[in-house]
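Heads up: the structure comes next, in structure tokens.
The values are calculated or read from the model by the stated rules, or taken from the named source; none is laboratory data. Since we're looking at a predicted model, the values are computed, not measured. Here the Cβ is made from the backbone with ideal geometry for all residues, glycine too, and neighbour counts use every protein chain on show. Accessible surface is based on the protein model in full, side chains and every heavy atom, while ligands, DNA and RNA are left aside. Shrake-Rupley method; radii C 1.70, N 1.55, O 1.52, S 1.80 Å.
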Amino acid sequence: MDYRALVVGGGHAGIEAGLALSRIGFKTLLITQNLDAIGRLSCNPAIGGLSKGNIVREVDALGGEMAHLIDRSMIQFRILNRKRGPAVQAPRAQADKYTYARLAKEILEGQANLEIFMDTVVDLIIERNRIVGVKTKRCHEISAEVVVLTTGTFMEGRIFIGEYDAPEGRLEEPAAIGLGTALRKKGFPVGRLKTGTPARVRKSSVDLDRLEVQEGDEEPMSFSFDYDGVDRPSVPCHITWTNETTHRIITENIHRSPLYGGKIVGQGPRYCPSIEDKVVRFPDRDRHQIFIEPEGLGTEELYLNGISSSLPEDVQSAFIHTIEGLEKAQIMRPGYAVEYDYIDPQALFPSLESKLVENLFIAGQTNGTSGYEEAACQGLIAGINAAQKLKGEKPLILGRNEAYTGVLIDDLVTLGTEEPYRMFTSRAEYRLNLRHDNADQRLTQKGYDVGLRTEEHLQRLREKVSRIESVKDLLRIHRYREKSAFDALKMPEVTIEELAESIPELGAFPPSIRYQVELDVKYDGYIKRQERQINRFERFETMTIPPDLDYDTLEGLSTEARQKLKHIRPLSVGQATRISGMRSSDAAILIIHLQRRSGDA
Amino acid sequence: MSRYRTDDIIYALATPWGSAALAIIRISGSGSHALLAPYFSKSEALRSAKNATLLHGYLCDQEGRRIDEVVLAVNTKGHGYTLEEAVEITCHGSLSVITELLDLLSSIGMRSAEPGEFTFRAFLSGRIDLTQAEAVHELVEAQSPVARAHALARLDGGLKEKLNGMKNTLLALLAPVEVQLDYSEDELDEFVFPDELLDSLLDDLGRLLASYAIGTLYKSGARIVLAGATNVGKSSLFNLLLKEERSIVSPVRGTTRDYIEADLLLEGIPIRLYDTAGLRESGDEIEREGIRRSEHLIGGADLVIHLLDSTEEDVDRAFDGRTIVVYNKADLRRPPEGVLAISAATGEGIGDLLSEVARRLKRGVEGVDESRIVIQSKRQADALLAAEAALKGVKEDLQAALPLDIVAVGLNEALHHLGLITGEVTPNDILESIFSNFCVGK
């Protein structure tokens, strides 16, 4: 074997997978089509947001890299929804794209046990249902015990701008041709998905002075739990709106869209529609919001968040020029749609290992997801579990009650996806417990157990927990509004900052600690209520099903349930109950069978 | 998808629902002896009972009032049908006793078993041989009320429509809330919670629950107590109503010292009629006890027929809404104008009294279309009640201006409970609703 582990792809999933494997101690090779594109932010220049910011912090707590990268490249930071409830507060940062990607490459280059090589993988080498290596475009055959596949939008990628199309994964970056076809031949369930990106315009040609300004927070917090804050510049974003003229131009030219002309067959994300989609689907709206975001400090390019489009360039240009502030905008890069191969994630175990080919792990957009954060957390879990496999240990599978990452993977492998899957708060039943600020409490120990976190990280966590307790103790002994400050904080209108004015000792604790205490105390009753729901939920999660269970021997299962169970091969009764089409009676028969089996044993 | 839980205490009536000499109620689950003991007259004996013990005594309600004289058959863990700690209550087979006992068990934290659940527990504990195809079949059948697909198919069309309508309303409430949770404030339009929609949903739930009241009225019946001073003719009326001489009728005051009960059917409503001891001051210890029992019965009655004697002077008394005031002995002396008057001796006015009784029993379930008596099972009613409670909590949360992710907890709970009847609602369904209705963000 040339390597213990091999990672295909240098995007957000590949970076985490490569780092996890090499950090845990396995000699790893990361192959990418283009060294200069490692860690590239292909679409919007931002990391985090609702539920996604939580994922970044989960990645950090487990020992991933994404939080460090954004902490060192951010050019604006905000806690979104600070005035709203605990589940919907989340960090989001604008990134300097160039800094982000450069740092990513630097980190990979500085990593012991990790080699980096530029080539394009065109086929997998499989022996007796087990992967043993890959073939590349330049005819190398590289062997490894485990492979993590993270192809992004490049597998048989094709971009579309109006009547124009080209075999590329990003504009002017060639697709990985051959791999998707090879996988289809090997029996992988490969499908097509579509996503898109808006035009980039030149800052000096945009009249930003007329537009609404959106500033970042004054005191940025860090995404990573490893330090207490960051010192980074903060530049504003701007907000503008489309108008009826914009919509008229789009409507008049809709027949020139590859989406409506039938050229694109892949399903696009409904939650992130192109502007032409929005205009067609919501004809009653007279305007749509656009966030104008800088792509970096050393560049004039501005990202027009909200108007991704694959209309012809002359149409893009015409409708952009109808928008306030953008009348004279110079378009530097056109918007485009990209269609690519993905592999039905139902063909994966919750460890992200393929059910078809042993030791092959798949992560990121290849599994039908969308988003840097979604990719990163899968890459990390795939890397960790590839390492666990090499060590002969059990995979790390996060529960839906433990992490957004767990929700994401469970959704993917249990339900599959027919559009690019993006994380949403509403996907997580137990979101009050999946806050961004407690990701370290939820996951650091697990990161330690798999070898990515150290004793120092655990110590830091213990100190945090004890500081939280100290703050709570302070609140219990001080009085406020004729009750204990602790009880006062439960009142909706009382904030911890208000309490800090009358309890000066609170000033000794950093904002992140005070922030967490505030959420803990204020929503304690609801969090407890959620914990009771979790207890109910966990009973079925802990009833495990052997992956080789022969469902044909179970009498009484409905035909649909039997077929789906055989296809998905759930690892727990809980997972089985989430399969669409399963009935309670099917679940009961399954439970009885398992109880009996364990009784026999 | 709801599943059988196996870590709580369940109960169920094991004998048919109806009047009989005896009825059996089964209880199974760890801790059931200790939970029941405070309500059993021989608490300590129950707590320390060995397996296969019979205990005779009384079960009392939460206020300590005796419900019925019973025999408990006690099984300890590892024995009996389910191999769990269990009790079988043998009680008198009157609908009122059964209802009171089931209510007691529910109120002290036991759960009404799903059909087949005892069998299910027996399966799980290995008590029953699973290889028996018959048993597996029974299990599948037993699960069907839980398997919503089946349950739904069995519901009559009107109820199915109504529940689906309510579920859709709830989704329409939840979707705009969830979408607020999926995007940041600056990506979203200003949000106003649709209070009217919530109120109308609560109204719908209330009406459906009222239909349970009428369902149970026909199924479980009503308790009617004949009350009044001594010697106003309660027992005569009782006998007339039953068309048989069950009570000892005599002109001596205080003849009926304890109460007597009997079942009859009035316009399809099963009725348990109680003839009680006349209310008066008495020095007789036994009679005083009878009067005390009368008062207790009156307190628990659905309807009280208070008899007055037309031949005696009117006493000014206040009656509550459950009471029908009836002047008896109308054949002897003409009662005041406009009152309900009967003669238990001649039968005069009895028809009017009966239709008034029927009218009053159906009051409160007015507006419910009787041709569509919908909610019939306690399980369905419990789920609706839980949904109603969750939504009332949502209303309070909104009034307290709590954030939407907190409000969503109650909405999701309500949806979960409705889902117990109509089929599960998954986070995916909510997202579907969001995607099809909202134009959102980035």
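Which of the three applies to segment A:529-594, rounded, prolate or oblate, going by the alpha-carbon gyration tensor with a ≥ b ≥ c and a/c under 1.5 meaning rounded? Before the final figure, lay out each step's value.
Details: a/c = 2.11, a/b = 1.85, b/c = 1.14.
Judged from the Cα gyration tensor, segment A:529-594 comes out prolate (a/c at least 1.5, a/b above b/c).
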How big is the antiparallel share of DSSP beta bridges in the protein assembly as shown, given as a percent to the nearest 5?
65
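Determine, for each peptide in A:212-219, A:197-204, B:226-233, the mean count of other beta carbons within 10 angstrom over its residues, then list the peptides with the highest first. Provide the component values of the computation, followed by the final result.
Numbers: A:212-219: 13.0, A:197-204: 19.5, B:226-233: 22.5.
By packing density, highest mean first, the sequence is B:226-233, A:197-204, A:212-219.
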Under the 7 Å Cα-to-Cβ spin-label approximation, residue A:214 and residue A:185 lie apart by a distance in nanometres of 4.7
As an exercise, use a Förster radius of 30 Å and the Cβ-Cβ distance of residue A:539 and residue B:58 to find the FRET efficiency, rounded to the nearest 0.05.
0.20
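What is chain A's relative contact order, in percent, from Cα pairs under 8 angstrom and six or more apart in sequence?
Numbers: 1305 pairs, mean separation 103.2, N = 601.
For chain A, the relative contact order is 17 percent.
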Work out the charge dipole of segment A:277-393 with +1 on the Cβ of Lys and Arg and -1 on the Cβ of Asp and Glu about the Cα centre, then indicate which of A:348, A:336, A:308 is farthest towards its positive end.
A:348
Karplus 3J(HN,Hα) series, Hz, for segment B:222-235 with 6.51 cos²θ - 1.76 cosθ + 1.60 (x for Gly, Pro)
10, 9, 10, 10, 8, 10, x, 5, 5, 6, 9, x, 5, 5
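Accessible area per residue for segment B:10-129 in Å², computed with a 1.4 Å probe and the full protein assembly in place, what is it? Don't skip to the answer; put the middle values down first.
On the way: 5140 Å² over 120 residues.
Solvent-accessible surface per residue comes out at 43 Å².
Please give the average number of partner chain Cβ atoms lying within 10 Å of the Cβ of each residue in A:569-582, rounded to a whole number.
Working: counts 0, 0, 0, 0, 1, 1, 0, 1, 4, 5, 1, 2, 1, 3.
Across A:569-582, the average partner-chain Cβ count within 10 Å equals 1.
About its Cα centre, how strong a charge dipole does the protein assembly as shown have in debye, to the nearest 20, once Lys and Arg get +1 and Asp and Glu get -1 at the Cβ? Before the final figure, lay out each step's value.
Values: 124 positive and 157 negative charges, 424 e Å.
So the magnitude is around 2040 debye.
What is chain A by shape, rounded, prolate or oblate, if you read a ≥ b ≥ c off the alpha carbon gyration tensor as root eigenvalues and call it rounded for a/c under 1.5, prolate for a/b larger than b/c, and oblate otherwise?
Values: a/c = 1.43, a/b = 1.00, b/c = 1.43.
It is rounded, given that a/c, with a ≥ b ≥ c, falls under 1.5.
Let a ≥ b ≥ c be the square roots of the eigenvalues of the Cα gyration tensor of segment A:183-326; is it rounded (a/c under 1.5), or, if not, prolate (a/b larger than b/c) or oblate?
Values: a/c = 2.30, a/b = 1.22, b/c = 1.89.
Here segment A:183-326 falls in the oblate category.
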Binning every alpha carbon pair distance of segment A:344-449 at 5 Å from zero, what are the percents per bin?
2, 13, 23, 26, 19, 11, 4, 0
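Return the percentage of antiparallel bridges among DSSP beta bridges fully within chain A, rounded to the nearest 5 %. The partial results should precede the final answer.
Numbers: 55 of 76 bridges.
Here the share of antiparallel DSSP bridges comes out near 70 percent.
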The lysines whose Cα lies under 25 Å from the Cα of residue B:243, excluding any fewer than 8 residues away in the same chain, are B:219, B:234, B:329, B:362
Distance histogram for the protein assembly as shown (every C-alpha pair counted, 20 angstrom bins, percent rounded to whole numbers)
11, 34, 31, 16, 7, 1
Counting only residues 5 or more places away or on other chains, whose amide H sits under 5 Å from the amide H of residue B:324 once H atoms are built in the peptide plane?
B:304, B:305, B:306
Given H placed 1.01 Å from N in the peptide plane, which residues other than close sequence neighbours of residue A:348 have an amide H under 5 Å from its amide H?
A:355
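Calculate, in nm to one decimal, what residue A:177 and residue A:127 gain on full extension: separation in residues at 0.36 nm each, minus their alpha carbon distance. Display every interim value, and only then the final one.
Details: separation 50, 0.36 × 50 = 18.00 nm, distance 2.27 nm.
15.7 nm is the gain from fully extending residue A:177 to residue A:127.
So what is the orientation-averaged projected area of segment A:382-540, using the convex hull of its C-alpha atoms, in nm²? The partial results should precede the final answer.
Values: hull surface 47.8 nm².
So the Cα hull casts an average projection of 11.9 nm².
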Give me a single rounded figure for A:420-429: the average over its residues of other chain Cβ atoms within 10 Å of their Cβ.
5
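Just order A:140-152, A:454-466, B:163-175 by mean Cβ neighbour count inside 10 Å, highest at the front, would you? Please list the in-between numbers first.
Numbers: A:140-152: 24.1, A:454-466: 13.4, B:163-175: 19.2.
In descending order of packing, they fall as A:140-152, B:163-175, A:454-466.
Percent of accessible area on the protein assembly as shown owned by carbon and sulfur, 1.4 Å probe? Intermediate values should be presented prior to the final figure.
On the way: 20610 of 42120 Å².
Of the solvent-accessible surface of the protein assembly as shown, carbon and sulfur hold 49 percent.
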Volume per residue of the C-alpha convex hull in segment B:10-129, rounded to whole Å³:
94
List the residues whose amide H sits under 5 Å from the amide H of residue A:241, counting only those 5 or more places along or on another chain, with H placed 1.01 Å from N in the peptide plane.
A:290, A:324
Mind checking the per residue accessible area of chain A for me, 1.4 Å probe, whole number of Å²?
37
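Ranked highest first by the average count of other Cβ atoms within 10 Å around their residues, in what order do A:371-380, A:562-571 fall? If you can, show how the numbers build up before the last one.
Numbers: A:371-380: 30.3, A:562-571: 18.7.
Highest mean packing first, the order is A:371-380, A:562-571.
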Give me the orientation-averaged projected area of the Cα convex hull of segment A:66-177, in nm², one decimal.
11.8
For segment B:28-85 and segment A:139-217, write down the distance between their C-alpha centroids in whole Å.
69
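Give the calculated FRET efficiency between residue A:192 and residue A:235 to the nearest 0.05, with a Förster radius of 30 Å applied to their Cβ-Cβ distance. Could you put the intermediate results ahead of the total?
On the way: r = 38 Å, r/R0 = 1.25.
Computed FRET efficiency for residue A:192 and residue A:235: 0.20.
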What is the mean number of Cβ atoms from other protein chains located within 10 Å of the Cβ atom of each residue in peptide A:304-312, rounded to a whole number?
1
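State, in square angstrom and to the nearest 100, the accessible area buried between chains B and A, both chains counted, probe radius 1.4 Å. Write out the running numbers ahead of the final one.
Values: alone 22130 and 24780 Å², together 42120 Å².
That pair hides around 4800 Å² of surface in total.
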Give, rounded to the nearest 20 debye, the magnitude of the charge dipole that segment A:293-409 has about its Cα centre when Lys and Arg contribute +1 at Cβ and Asp and Glu contribute -1 at Cβ.
680
